[in-house]
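Chemist: Attaching a single structure in structure tokens format; questions to follow.
What follows draws every value from the coordinates through simple rules; no lab data is involved. This is a predicted model, so every value here is computed, not measured. Note that each Cβ is placed from the backbone with ideal geometry, even for glycine, and that neighbours are counted across all protein chains shown.
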Amino acid sequence: MSSGKFQSHLGAQSVEQALASVENRLDKLHLPALEQKLGCSLDRLMRVAEAEPGAQWALRFSDQRQFLLSLAEDAARSEFGRFLLCARGLNWRTTDLLFDPAHQATLRQQERDHSLGLFDRLAFFSYPLLLATQERFHIFQQCTQPLVADGTVLASLPCGRMRDLLSLDYAHIRQEVRLVGLDKDQEALQGAQALAAEVQAQKPLRGTVEFHASDGLRPGLTEASIRRAFDLVTSNGLNIYLNDDQCVTFYRHVHEALNPRGTFITSHIVPVEEYRWDQINRDHWRLQTVMLTVLIGALWEPLVKPRALVQKQLELAGFRDVRILPDLQGIFPTFVATKPR
Ligand SMILES: C[S@@+](CC[C@H](N)C(=O)[O-])C[C@H]1O[C@@H](n2cnc3c(N)ncnc32)[C@H](O)[C@@H]1O
């Protein structure tokens, strides 16, 4: 598959280039350092992988290198895995697969049919980070729903498909709400428009939905400049790709776009030292580390930030009363911050 399909992720490579990069990484791999990081030998991890349903069909266990390479080749057989391999991150569509009930239903059906691929099984049902991402979506929903009140203006930046706002309950609304989706990627905005139309067709929303091209790193967010426009901004999946300075810049722009007493809900992946290890399946974490860190070289990996640093960055941008809500495994906490009067 060519990288053309992934235009929305700049720098995305073709599958062939991605697999060549994996081989390159494997050539440079320092096995003792990896085994120390994993806290187990690669041979043991091969036995763990061997016990996963479908692994015998999907992987080669002839030697350590073949094993690692076959994990990457198996990822390339999944839409989600292929995108991750090629772009080393997720875009609007692949992120949404994690939250889309229809996709979950398809995977469950494949599981019953015994046609579910190994990569999808691990990614959607086992990798701790991706389980935390799915849980985080529901934590956002729980924090956001009580803020849906008459006449409120709610924004999502980057909105991707904007499932976060579109899947809330608006049945109690008497005075129209306004939902605003902001994203840099036109394809994402089209995807969001399609989901909005689908949702509206099933359950008309009391309010308006609009989408605008927007850059979170640009002052004013859009050409027209957005200031004091929103009561709530939700944000998932942008700051994890930003360095410290860019995070503060992004948070400042969100702060500027909020009304006084407005709320900002975001999340961040934290370093392993902050994980709740007693809640994490270590073998699944090991397989995830080999896949996402070693083979794919996920772009968010070097940019994880301690909870206290994220809080400090939000405060530097002007937010107060920052509440931190951890997921069960303590991997991807949610931050709820307020703009003072
Ligand atoms: C991982 S997706 C998350 C989308 C959505 N929030 C979700 O959770 O499904 C990241 C999104 O960030 C958008 N994006 C990347 N850089 C951006 C920027 N500087 N300003 C606004 N959006 C950006 C991408 O186009 C993409 O849709």
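Chemist: Compute the Cα gyration tensor for the range 152-305, then decide on rounded, prolate or oblate, letting a ≥ b ≥ c be the square roots of its eigenvalues: rounded whenever a/c is under 1.5, prolate when a/b is larger than b/c in the other cases, and oblate in all that remain.
Modeler: Prolate, since a/c reaches 1.5 and a/b exceeds b/c.
Chemist: Could you run the Karplus curve 6.51 cos²θ - 1.76 cosθ + 1.60 with θ = phi - 60° over the range 58-73 and give me ³J(HN,Hα) per residue in whole Hz, x for Gly and Pro?
Modeler: Once rounded to whole Hz, the list reads 8, 10, 10, 10, 4, 8, 4, 5, 4, 4, 5, 5, 6, 4, 5, 5.
Chemist: How far is it, in nm, from the label point at residue 272 to the one at residue 206 when both lie 7 Å from their Cα along the line to the Cβ?
Modeler: With each label point 7 Å from Cα toward Cβ, the separation is 5.0 nm.
Chemist: With +1 on the Cβ of every Lys and Arg and -1 on the Cβ of every Asp and Glu, and nothing else charged, how large is the dipole of the range 177-268 about its Cα centre, in debye rounded to the nearest 20?
Modeler: 440 debye
Chemist: Just want the answer: with Cβ charges of +1 for Lys and Arg and -1 for Asp and Glu, which residue in 250, 195, 267 is farthest toward the dipole's positive end in the range 192-298?
Modeler: Most positive-ward Cα: 195.
Chemist: Follow-up question, since we're still on this one. So for the chain, taking the charge dipole from beta-carbon charges (+1 Lys/Arg, -1 Asp/Glu), which of 333, 175, 131 sits furthest toward the positive end?
Modeler: 175
Chemist: Of 184, 339, 203, 305, how do they rank once you tally other Cβ atoms within 10 Å and put the fewest first?
Modeler: Values: 184 16, 339 24, 203 10, 305 21.
Listing 184, 339, 203, 305 from fewest to most nearby Cβ atoms yields 203, 184, 305, 339.
Chemist: I'd like the trypsin sites (Lys or Arg not before Pro) in the range 210-276 restricted to DSSP loop residues with at most 16 other Cβ atoms within 10 Å, sorted by number.
Modeler: Those that pass, being in a loop and sparsely packed, are 227, 228, 276.
Chemist: Go through the range 218-231 residue by residue and turn each phi into a ³J(HN,Hα) via Karplus (6.51, -1.76, 1.60, θ = phi - 60°); whole Hz please, and just put x for glycine and proline.
Modeler: 9, x, x, 6, 9, 3, 7, 6, 10, 9, 6, 10, 10, 8
Chemist: Output the Kirkwood hydrodynamic radius of the range 81-176, Cα pairs only, in Å rounded to one decimal.
Modeler: 15.2 Å
Chemist: Sticking with this one: When the helices in the chain are scored as -39500 (n - 2.57) per DSSP H run of 4 or longer and the sum is shared across all residues, what 222 nm value do you end up with, to the nearest 500 deg cm²/dmol?
Modeler: Estimated from H runs of four or more residues: -13000 deg cm²/dmol.
Chemist: Can you report the principal axis dimensions of the chain using only the alpha carbons, biggest first, rounded to whole angstrom?
Modeler: Principal-axis extents of the chain (Cα, largest first): 64, 42, 37 Å.
Chemist: HN-Hα J couplings of the range 272-281 from phi, Karplus 6.51/-1.76/1.60, θ = phi - 60°, integer Hz, Gly and Pro as x?
Modeler: Result, rounded to whole Hz: 4, 4, 9, 5, 8, 4, 5, 9, 10, 6.
Chemist: Still on this structure: Evaluate the charge dipole of the chain about its Cα centre and quote only its size in Debye, nearest 20, assuming +1 on the Cβ of each Lys and Arg and -1 on the Cβ of each Asp and Glu.
Modeler: Charge dipole, the chain, about its Cα centre: 680 debye, nearest 20.
Chemist: Also: So what does the Cα-only Debye profile of the range 172-260 read at q = 0.17, 0.20 Å⁻¹, as log10 I(q)/I(0), no solvent term?
Modeler: At q = 0.17, 0.20 Å⁻¹ the computed log10 ratios are -0.80, -1.04.
Chemist: In addition: Excluding residues fewer than 8 places away in the same chain, name every one of the lysines whose C-alpha is closer than 29 Å to that of residue 312.
Modeler: Within the straight-line limit of under 29 Å, residue 312 reaches these lysines: 37, 184, 339.
Chemist: Nearest 10 degrees, 0 to 90: what angle lies between the long axis of helix 307-316 and the longest principal axis of the chain (Cα atoms)?
Modeler: The angle comes out at about 30 degrees.
Chemist: Further question on the same structure: Where the only charges are on Cβ atoms (+1 Lys, Arg; -1 Asp, Glu), what is the dipole of the range 116-198 about its Cα centre, to the nearest 20 debye?
Modeler: Approximately 100 debye in magnitude.
Chemist: Another question about this same structure. If amide hydrogens are placed 1.01 Å from N in the peptide plane, which non-local residues have theirs closer than 5 Å to the one on residue 207?
Modeler: 177
Chemist: Oh, and also: Could you put 159, 40 in order, starting from the residue whose Cβ has the fewest other Cβ atoms within 10 Å?
Modeler: With the sparsest Cβ surroundings first, the list reads 40, 159.
Chemist: Also, quick follow-up: In degrees from 0 to 90, rounded to the nearest 10, what is the angle of the helix 15-28 Cα long axis to the longest principal axis of the chain?
Modeler: Its long axis makes an angle of about 60 degrees.
Chemist: Something else: Please give the contour-minus-distance gain from residue 222 to residue 308: 0.36 nm per residue of separation, less the Cα-Cα distance, rounded to one decimal in nm. Before the final figure, lay out each step's value.
Modeler: Numbers: separation 86, 0.36 × 86 = 30.96 nm, distance 3.00 nm.
Full-extension gain reported as 28.0 nm.
Chemist: Could you work out the longest stretch of the chain that avoids the GluC sites (Glu not before Pro) located in DSSP loops with at most 16 other Cβ atoms within 10 Å?
Modeler: Longest stretch, sites excluded: 1-175.
Chemist: Fewest first, what order do 199, 270 take by the number of other Cβ atoms within 10 Å?
Modeler: Final ranking by Cβ density, sparse to dense: 199, 270.
Chemist: Would the range 245-334 count as rounded, prolate or oblate if I go by the C-alpha gyration tensor, calling it rounded below 1.5 in a/c and otherwise prolate when a/b exceeds b/c, oblate otherwise?
Modeler: Working: a/c = 3.07, a/b = 1.90, b/c = 1.61.
Here the range 245-334 falls in the prolate category.
Chemist: To check you understand DSSP bridge types, tell me what percent of the beta bridges within the chain (both residues inside) are antiparallel, rounded to 5.
Modeler: Antiparallel: roughly 30 percent of the beta bridges in the chain.
Chemist: At q = 0.12, 0.13, 0.18, 0.22 Å⁻¹, what base-10 log of I(q)/I(0) does the Debye formula yield for the range 1-115 when every alpha carbon is treated as an equal point scatterer in vacuo?
Modeler: After summing over all Cα pairs, the log10 values are -0.54, -0.63, -1.10, -1.26.
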